[in-house]
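The values are calculated or read from the model by the stated rules, or taken from the named source; none is laboratory data. From a predicted model like this one, the values you see are computed outputs, not experimental measurements. Cβ sites come from the backbone with ideal geometry, for glycine too, and all protein chains shown count toward neighbours. Surface accessibility is based on the protein's heavy atoms, side chains included, excluding ligands, DNA and RNA. Shrake-Rupley method; radii C 1.70, N 1.55, O 1.52, S 1.80 Å.
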Amino acid sequence: YLTWMVLVLMILFDVCGELKQLYEEAKDNNWNPCSYFKSIWNILDWLNLIFFILMISRKINLIVAVQLVRQHAAARYNIYSDLRAKANWLKPANYSNVDPRLEAHGHFGGMDQVTQHFSMYDKMETLSLNLSDISLFCTLTMLFRFLKVLDFQPKLALVSATISKA
């Protein structure tokens, strides 16, 4: 959690730096903030910051979803009636007071709980996949920001100038 807090602080400092740069650019151009966004590098900076913020929010949502699963899910669900039976050991358990001949209408203990928890598992999987996607986009935009910083070296400046012209 400490490294995530450091990351949040660094992102906040970066947002403040970009806002300061936006202010100075607008002040130099008759208070026109659109002049700041004429540079592709500034747009990439903001895209990267947006991806960072989305990544952190998805990570927090994933942590909350995992905690919810830990609170409500069990380590083992009693789905089968008897796993030590000599035959028919995959027969579902029926814990209902209904006539045993009507097993289709019975309460099947653990299986009912598992199906109720599927929505939590599905949400957790979706959040995990979203976090992976956003992390990828965050990494790609960070790579482009890295090229912007390496503008001082002539051969790397050619790469960043090519990307800027494209």
> Can you give the angle from 0 to 90° between the axis of helix 154-165 and the longest principal axis of the chain, with both taken from C-alpha atoms, to the nearest 10?
Replying inline: 70
>> On a 1.4 Å probe surface of the protein chains, which of W31, W4, W46 comes out largest in accessible area, and what is the full order?
In response: W31, W4, W46
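Quick one: if the Förster radius is 22 Å, what FRET efficiency do E125 and S57 give, using the C-beta to C-beta distance and rounding to 0.05?
Working: r = 17 Å, r/R0 = 0.79.
After rounding to 0.05, the efficiency reads 0.80.
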>> With +1 assigned to the C-beta of every Lys and Arg and -1 to the C-beta of every Asp and Glu, and no other charges, what is the dipole magnitude of the chain about the Cα centre in debye, to the nearest 20?
In response: 400
> Which links in K91/K123; K20/K59; K123/K148; K59/K91; K59/K165 stretch past 32 Å when you go from one Cα to the other?
Replying inline: K123/K148; K59/K91; K59/K165
> Counting only residues 5 or more places away or on other chains, whose amide H sits under 5 Å from the amide H of S81 once H atoms are built in the peptide plane?
Replying inline: K91, A93
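Using the C-alpha atoms of the chain, what convex hull volume per residue, in cubic angstrom, is computed? Please list the in-between numbers first.
Working: hull volume 36.6 nm³, N = 166.
That works out to 221 Å³ per residue.
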>> Counting only helical runs of four or more DSSP H residues, what would the 222 nm mean residue ellipticity of the chain come to if each run contributes -39,500 (n - 2.57) and the total is spread over all its residues?
In response: -24000 deg cm²/dmol
> How much length is gained on full extension from I40 to L7, taking 0.36 nm per residue of separation minus their Cα-Cα distance?
Replying inline: 9.4 nm
>> Given points 7 Å out from each Cα along the Cα-Cβ axis, report the L19 to R76 separation in nanometres with one decimal.
In response: 5.5
> Leaving out ligands, DNA and RNA but keeping every protein chain, what accessible area does D14 have, in Å² rounded to the nearest 10, with a 1.4 Å probe?
Replying inline: 50
